[in-house]
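Please read the structure below before turning to the comments.
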Amino acid sequence: MAELNAQGLLVDVGSGVRISSPGLQGQAQVYLPSSGGMRGAEDTTSAFLESIENNEMQQQLTVVIDRHNEVGGSGGGSRAAGDENDIKVQVPAPGDGWGQVLLYTAEDGSLSWHFPDGVRPEDVPSRGSGTFTYRVPRAVMSAQGETGQRGLTGAIGKKLLKALIFKVAEKALGQAGNFFAQKLEEKYRPYRLRSFTPDNYQDADGASLEPADWLRLSQGRALLFVHGTASRAHAGFCGIPQQTMQELHARYDGRVFAFDHHTISATPDENVTWLAKQLPDDLTLNLDVVSHSRGGLVSRVLTEQAARTGLDGRIKVRNLVMAASPNAGTALADIDRLDQFLNRMTSLLQLVPDNPVTDVLDIVLAIVKQVAIGVVQGLDGLMAMNPQGDYLVKFNQTGVGAAKYFAVASNFDPPPGSALHHLVTDGAADLVFGGTPNDLIVPTAGVYTVPNAKCFPVGEPLVFNTDAHINHFSYWSNPQLASAFSQWLPG
């Protein structure tokens with residue numbers, strides 16, 4: 001172990017890593033993948049390692065800072081990187097044709113992504129030898145009370161700095177956008193329509209629909225589930241209680257199915273256009289729909305934009321349930337806020353692992369890679385939720401539908417003093433949404449109110465207040481929602 005220098009002098013901590021830590025004293029040790037001690041030092045989960053592999057990333061090294069405390073100065077520092085008290089970490093560059101990022105785990109278990117300081121992202125793969133410098137917060141976060149399951153790393157009370165590297169194909173450089181995301185979605189998130197029964201709705205390998213299934217689905221009203229951003233149906237709806245799924249299955253005589261689709265590299269219109277091409281020409285479906293997050297926009301295309309997606313008259317939606325749908329958009333779906341989007345999604349997976357971690361983390365890592373090399377334009381599926389973006393503005397101005405809408409929203413406040421609270425707030429105000437109530441990802445009122453949209457506002461929305469403790473990923477287990485399903489989804 002190497003002793004850090006609280007005066008800010010650069011300290012060689014091994015394996016080519018050097019650290020300047022003004023106002024922080026402690027010990028640092030570098031672990032390499034070949035050393036055998038890396039995973040134990042981090043308490044890394046298998047889900048995290050699986051996502052790294054799925055994204056063709058490699059672990060370069062991990063620095064563990066332990067037995068540390070702040071000395072001198074004002075103490076406390078800043079929760080976010082970017083001030084004079086930052087720790088500066090120099091990491092060996094991975095070589096020509098490689099990208100590199102740093103994942104920082106604070107003492108309380110919260111996570112944040114960091115990119116090389118003073119280097120244009122598009123220049124990273126051509127940097128070759130030398131080092132990259134990263135800035136991470138000096139502040140020592142209290143780990144008191146931070147117990148329970150962790151989604152990615154279990155180490156508490158330490159600073160972990162993990163360097164991840166990835167090969168950058170020549171064709172990825174200079175692309176308009178979504179190269180890595182599209183590649184990952186095509187390989188691991190293929191489009192499909194799948195069976196969704198009480199026995200398989202939590203199973204990633206639930207059977208895809210066969211030609212004979214279409215006739216069965218058309219013989220009465222069917223129920224369709226449409227998942228949200230970076231998810232798949234089994235992950236997005238796994239929190240629905242088994243009893244609720246059994247009741248829905250009985251109510252619709254088994255005519256229940258789900259739509260797995262690309263959420264980052266394709267727009268909601270493109271999602272529905274694919275669905276339209278799967279329907280037999282002589283078939284009409286009468287549906288009720290349950291959607292989550294971005295899936296609400298996809299479902300609205302079914303009802304409001306059927307003609308331009310090839311569905312006119314072929315699918316008729318009676319009732320649409322939208323939970324946490326960004327109908328008025330979310331400020332996180334903005335190129336300038338991708339860092340906040342990535343940090344929130346990653347830390348939610350870490351601190352509130354209510355859903356299968358790998359599904360969402362796969363997409364997060366794909367976007368991290370794009371940000372790391374400056375390929376951030378595009379990401380059409382994500383940017384479809386941008387409140388000021390061309391897609392959502394036009395969609396909300398032109399949509400007309402006959403379906404009845406039901407909205408479910410939440411105002412979630414992380415517990416004061418918790419890791420999640422430290423991550424998303426600056427004192428009392430949310431770093432992205434300010435004082436606007438939200439579920440950490442989507443503004444509360446934007447689920448059921450959209451200015452100048454013909455299908456809004458949605459009457460009598462089900463809105464969970466802060467005492468319900470429901471964040472963007474934890475709606476389904478609430479008994480009030482299960483009760484509402486009995487009224488909204490009669491079969």
Using Cα centres only, tell me the gap between the range 203-249 and the range 283-342 in whole Å.
-> 16
Going by average Cβ neighbours within 10 Å, how do the peptides 301-314, 241-254, 213-226 rank, with the highest at the top?
-> 213-226, 301-314, 241-254
Under Karplus coefficients 6.51, -1.76 and 1.60, residue-wise ³J(HN,Hα) of the range 245-250 in Hz, glycine/proline x | 5, 5, 5, 5, 4, 5
In terms of Cα to Cα distance under 13 Å, which aspartates and glutamates are near enough to Lys88, apart from those fewer than 8 places away along the same chain?
-> Asp12, Asp117
On a 0 to 90 degree scale, rounded to 10, what angle separates helix 179-188 from the longest Cα axis of the chain?
-> 60
What helix-only [θ] at 222 nm does the chain give? Using -39500 (n - 2.57) per DSSP H run of at least 4, over all residues, to the nearest 500, the answer is -7000 deg cm²/dmol
Could you rank the peptides 84-93, 28-37, 336-345, 290-299 by their average count of other C-beta atoms within 10 Å per residue, with the highest value first?
-> 290-299, 84-93, 336-345, 28-37
By the mean-Cβ-within-10 Å protection proxy, highest first, 262-272, 477-487, 443-453, 196-206 rank as 262-272, 443-453, 196-206, 477-487
The chain - percent relative contact order, Cα under 8 Å, separation 6 or more | 15
Built amide H within the under 5 Å cut-off of Phe464, gap 5+ | Ala409, Ser410, Asn411
In sequence order, calculated HN-Hα J values of the range 408-418 (Karplus, 6.51, -1.76, 1.60; Hz; x Gly/Pro) = 10, 9, 8, 10, 10, 10, x, x, x, x, 6
For the range 95-105, just list the computed ³J(HN,Hα) in residue order, Karplus coefficients 6.51, -1.76 and 1.60, θ = phi - 60°, integers in Hz, with x standing in for Gly and Pro.
-> x, 4, x, 10, x, 8, 9, 10, 9, 9, 10
Under 12 Å, Cβ to Cβ, from Gly399 - net charge with Lys/Arg +1 and Asp/Glu -1 = +2
Can you tell me how much longer the chain between Thr466 and Leu32 gets when fully stretched, taken as 0.36 nm per residue apart minus their C-alpha distance, in nm with one decimal?
-> 151.9 nm
In degrees between 0 and 90, to the nearest 10, how far off the longest principal axis of the chain does helix 357-372 point, with axes built from Cα atoms?
-> 60
Under a Cβ-Cβ cut-off of 12 Å, what is the net charge of the residues other than Asp117 that fall near it, where Lys and Arg count +1 and Asp and Glu count -1?
-> +2
Taking the Cβ of His234 as the centre, find all other residues whose Cβ is under 10 Å away and add up their charges (Lys, Arg: +1; Asp, Glu: -1).
-> -2
Rotationally averaged projected area of the chain (alpha carbon convex hull; nm²) | 22.3
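Throughout, read-outs are computed from the coordinates displayed, never taken from laboratory work. Bear in mind that the values here come from a model prediction, so they are computed numbers and not experimental data. Glycine gets a Cβ as well: all are built from the backbone with ideal geometry, and neighbour counts include every protein chain shown.
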